[in-house]
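Student: Handing you a structure now.
Taken together, the values in this text are just the output of simple stated rules run on the coordinates, not laboratory data. In this text the structure is predicted, and so the values were computed from the model without any measurement.
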Amino acid sequence: MRDTVAALFDDEAQAEFAVHALRSARFASANRHLRRAEPAHMPDIGAHAVRGLEVGYLAGTSAGAVVGVIAAGLIPRSHVFVQGGLLVPFVLAIAFGVTGGLAGLLVSAWASRDRAIRYEREVKSSPYMVTVITDPERVEYARKILISKGAIETSRLESRPMRRSGRRAVE
């Protein structure tokens with residue numbers, strides 16, 4: 001099965017040198033493509049943070065109210081762990097709610113996928129892409145050539161196997 005190696009370049013001259021180097025190394029399928037630079041799509045990180053804050057606050061408030069009701073002994077035939085009556089569930093609901101909201105905010109900010117955002121910016125801002133189709137055992141050699149010629153990012157794309165239908169190959 002043949003594999004495709006793709007690399008991104010900022011400069012047209014670098015992309016041309018990479019294609020020339022690949023062809024010199026007997027990679028016949030090396031091509032350079034000019035891609036239209038598109039503005040990067042930035043996910044709404046603020047909305048994710050607010051959603052995490054809301055979920056954490058609601059979960060924390062609910063847990064605090066339940067723990068407060070149990071601790072205050074407001075359930076009939078239960079033992080009182082803390083004196084204070086109805087004030088205990090209220091105070092614990094507020095404390096747990098604030099803690100849960102902060103935890104939800106931090107978890108949602110942590111999960112914002114910074115690496116995906118950086119990669120998307122690079123892909124959309126790098127106008128030149130060089131691709132080469134090669135055998136799996138020569139993939140690393142092609143990647144080394146592309147990196148040595150100034151590639152920003154290289155990736156290996158496995159080619160889809162072709163299904164045969166009669167005498168014609170159909171992709």
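Student: Once amide H atoms are placed 1.01 Å from N in the peptide plane, what residues at a sequence separation of 5 or more from Y128, or on another chain, have their amide H within under 5 Å of its amide H?
Tutor: Amide H neighbours of Y128: F9, R35.
Student: Quick one: 3J(HN,Hα) in Hz for the range 21-29, Karplus 6.51/-1.76/1.60 with θ = phi - 60°, rounded, Gly and Pro as x.
Tutor: Working through the residues one at a time gives 5, 5, 5, 5, 8, 6, 9, 6, 9 Hz.
Student: A further question on this structure: Once phi is turned into θ = phi - 60°, what whole-Hz ³J(HN,Hα) does the Karplus curve with 6.51, -1.76 and 1.60 give for every residue of the range 87-104, x standing for Gly and Pro?
Tutor: 5, 4, x, 5, 5, 5, 5, 5, 5, 5, x, 5, 5, x, x, 5, 4, x
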